[in-house]
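Peer 1: What follows is a single structure, and I will ask about it in a moment.
The values are calculated or read from the model by the stated rules, or taken from the named source; none is laboratory data. This one's a predicted model, so the numbers in the text were calculated from it and none came from an experiment. Using ideal geometry, Cβ is built from the backbone for each residue, glycine included, and neighbour counts are taken over all protein chains shown. Quick note on the areas: whole protein, heavy atoms, side chains included, nothing else; ligands and nucleic acids left out. Shrake-Rupley method; radii C 1.70, N 1.55, O 1.52, S 1.80 Å.
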Amino acid sequence: MSTIGIELCDAGFLAATGDETEPRLVEVADAGGATEWPGFCHLEAGNLTFGQAAEDMWFVHPRRVAHNFWARLAHEPSPLQSGAKPPSYSELAFFFLREFVTSLKRAAEPIDRVVLALPGAYLKDAATEEEKIGLLLGMVGELGLPLAGMIDMACAALCDPRASGFNPALPVVVLDVHLDGADLTLFTTDGKLERKDFIHLPQSGYAQLYKHLTGTMGNRFLRHTAFDILADGRIEQTFFRQTKEFVAEAAAEWRYHINTANRGYEMVAKREQLAADSQGFVQGLVQGLQSFVHTSPHASEPCTIAMTQRTSRLPGIEPRLRAAGFNRLLHLPAGAAAAGAARIGATRLTAPADLAEVPVETAVPIADTRRSSAPLWHARLQKQRQGGARPAPTHAILDGIGHPLGAKPRYTIGMADLGADLPLPDTFNGADDCVVPLMQEGGRLWFVDSAPGHTPGGAAAPAARTPIDAGDRLAVRCGDATAEIIFAHCPGPGEKA
């Protein structure tokens with residue numbers, strides 16, 4: 001008997017078993033032998049096909065293909081026309097899940113428990129959760145699955161024991177790209193891993209990126225070979241499949257090859273060209289992440305950005321993130337959410353007799369997570385999220401006492417015997433290297449992340465800096481000892497308060 005985690009991601013469903021020492025991904029092959037399960041459905045003469053077989057018809061018969069039924073899971077009708085009544089999005093999702101589960105049962109041992117890792121958008125508010133969970137429970141009941149739990153996909157991904165682990169002292173933001181959008185999920189780690197903030201970026205998924213890249217690479221192919229891939233839908237489909245493989249394999253170069261009845265056409269494309277074609281898409285994601293971290297009341301500087309394998313393979317994503325000041329990057333393994341869900345199911349969940357009792361989790365005990373060892377001490381800057389522009393601070397306030405920041409280039413907070421400008425209490429003596437440097441430059445005070453920065457080529461670069469304004473707070477922790485420094489602006493003579 002086995003415990004199975006299923007990652008309900010429309011960019012590609014994945015399954016893992018969690019009963020072994022380390023979770024293992026399960027290859028789920030469809031009737032044609034393909035192991036990819038993208039959320040596509042193709043309708044032909046009343047017959048529905050799903051997964052890669054349906055994706056292979058996307059450019060051939062675009063009006064007969066749907067790829068947003070998981071993103072829009074609801075009773076409303078889909079655009080696919082079948083007889084007098086088109087199938088609903090929820091019907092397409094059910095038929096897809098039924099086919100996936102049928103193939104999964106052929107690939108896995110007898111299944112004892114199933115845990116579903118759900119897209120974060122399903123749990124964004126109470127009304128959405130009630131609708132989506134209700135539909136999923138109905139599907140599970142029809143399929144007779146021994147469901148033990150449902151868990152936020154980003155939360156499950158951080159519980160994959162195959163991952164290298166995150167620093168439990170800092171907030172974590174999971175960046176995940178799906179087929180029809182991207183999800184940003186922020187977690188805090190005070191005692192448990194808990195989802196605190198979430199945003200969905202529509203039109204920021206692989207469906208949009210693949211269409212764009214197929215077009216740009218197709219235009220380049222036309223200029224190079226004088227052959228137009230748009231001349232035939234099947235040729236365009238072949239070109240799309242090669243573009244998708246180019247993205248997935250992260251190769252330095254790729255040889256496009258198109259055969260016709262008369263001759264063959266070839267073009268060698270470079271990874272740099274793929275990154276250039278993707279830069280608008282990637283920059284949109286990074287800007288969305290910057291805005292999310294800046295506005296979330298639960299974020300702080302620094303924080304860890306955890307990227308799913310789907311996100312990590314985006315051309316040029318890591319250099320863009322580092323250029324934006326995100327130096328603490330964690331690359332999650334393929335199928336992290338499926339593996340994390342399987343492990344949680346195997347260690348602490350059982351399948352209840354009544355589906356109404358199945359737990360839906362957006363927070364897990366910290367023991368469930370895959371963590372790295374936290375440093376002896378750490379510092380986090382909490383930005384003041386309310387109000388408009390604020391003045392630069394003149395004082396740092398600790399335990400009700402204001403300490404002037406002065407004007408020298410470097411201002412330190414830490415142990416007195418290390419010569420800190422603002423000494424921390426004696427309870428911090430357990431950290432003999434505790435020094436938080438602040439820099440003053442250009443009339444601004446800056447908090448400097450201790451994680452090393454890197455250029456796109458991998459060379460060392462200056463660490464990321466965050467400006468400090470009046471009203472911001474710096475939390476310093478060493479074991480059980482904590483201190484909070486408030487930055488304030490005290491008006492000088494003749495200055496308005």
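Peer 1: So, in segment 348-371, of the ones that are out of contact with any Lys or Arg (no Cβ under 6 Å at 6 or more places or on another chain) and loosely packed, with under 14 Cβ neighbours inside 10 Å, which residue ends up nearest to E484 (Cα to Cα)?
Peer 2: By that ranking, first place goes to A367.
Peer 1: Can you tell me which residues in segment 72-81 are out of contact with any Pro (no Cβ under 8 Å at 6 or more places or on another chain) and surrounded by 15 or more Cβ atoms within 10 Å (Cβ to Cβ)?
Peer 2: Once the filter is applied, which keeps residues that are out of contact with any Pro (no Cβ under 8 Å at 6 or more places or on another chain) and surrounded by 15 or more Cβ atoms within 10 Å (Cβ to Cβ), segment 72-81 yields R72, L73, A74.
Peer 1: Here's a follow-up. So how many residues does segment 65-115 have that are among the β-branched types (V, I, T) and without any contact (Cβ under 8 Å) to a residue 24 or more places away in the chain?
Peer 2: 1
Peer 1: How many residues does segment 396-421 contain that are buried (at least 17 other Cβ atoms within 10 Å of the Cβ) and in contact with a Cys (Cβ under 8 Å, 6 or more places away or on another chain)?
Peer 2: 2
Peer 1: Within segment 291-298, is there a residue that is open to solvent by less than 40 Å² (accessible area, probe 1.4 Å), in a helix (DSSP H, G or I) and not basic (K, R)? Can you show your working first?
Peer 2: The initial filter retains those residues of segment 291-298 that are open to solvent by less than 40 Å² (accessible area, probe 1.4 Å), namely 292-293, 296.
Going one step further and asking which of them are in a helix (DSSP H, G or I), we end up with 292-293.
Subsequent filtering for residues that are not basic (K, R) retains 292-293.
Within segment 291-298, one or more residues are open to solvent by less than 40 Å² (accessible area, probe 1.4 Å), in a helix (DSSP H, G or I) and not basic (K, R).
Peer 1: Which one is farthest from Q290 (Cα to Cα), of the residues in segment 422-478 that are open to solvent by 30 Å² or more (accessible area, probe 1.4 Å), at pLDDT 75 or above and aliphatic (A, V, I, L, M)?
Peer 2: For segment 422-478, the residue satisfying everything is V435.
Peer 1: Cβ-Cβ below 9 Å, separation at least six or inter-chain, first residue in segment 322-340 and more than 30 Å from G18 (Cα to Cα), second open to solvent by less than 40 Å² (accessible area, probe 1.4 Å) and in a helix (DSSP H, G or I): which pairs?
Peer 2: A323/V286; A324/V286; A324/L289; F326/V286; F326/L289; F326/V293; N327/L321
Peer 1: Can you pull out the residues in segment 112-132 that are closer than 29 Å to E22 by Cα and of a type outside the set (D, E, K, R)?
Peer 2: Listed by number, the residues that qualify are V114, V115, L116, A117, L118, P119, G120, A121, Y122, L123.
Peer 1: Quick check on my filter: what residues within segment 479-497 are modelled with pLDDT under 85 and under 25 Å from P168 (Cα atoms)?
Peer 2: Within segment 479-497, G479, D480, A481 meet the criteria.
Peer 1: Tell me, please, whether a residue that is within 20 Å of D56 (Cα to Cα) and without any contact (Cβ under 8 Å) to a residue 12 or more places away in the chain can be found in segment 268-283.
Peer 2: no
Peer 1: Only one of these conditions is not met by D232: (1) modelled with pLDDT under 95; (2) crowded, with 17+ Cβ neighbours inside 10 Å. Which number is it?
Peer 2: Of (1) modelled with pLDDT under 95; (2) crowded, with 17+ Cβ neighbours inside 10 Å, only one is false for D232: (2).
Peer 1: Of everything in segment 74-113, what is part of a loop (DSSP other than H, G, I, E, B) and within 18 Å of A338 (Cα to Cα)? Give them in sequence order.
Peer 2: Narrowing segment 74-113 to residues part of a loop (DSSP other than H, G, I, E, B): 74-76, 78-87, 108-110.
Matches in segment 74-113: A108, E109, P110.
Peer 1: Look at K105 and say whether it is charged (D, E, K, R), open to solvent by 10 Å² or more (accessible area, probe 1.4 Å) and within 20 Å of G18 (Cβ to Cβ).
Peer 2: yes
Peer 1: Right, next: So if I check each of A353, A306, A324, which one is among the hydrophobic types (A, V, I, L, M, F, W, C) and under 13 Å from A156 (Cα atoms)?
Peer 2: A306
Peer 1: If I go through segment 3-58 residue by residue, how many of them are hydroxyl-bearing (S, T, Y) and either open to solvent by 20 Å² or more (accessible area, probe 1.4 Å) or within 26 Å of F239 (Cβ to Cβ) (or both)?
Peer 2: Going through segment 3-58 one residue at a time, the tally reaches 3.
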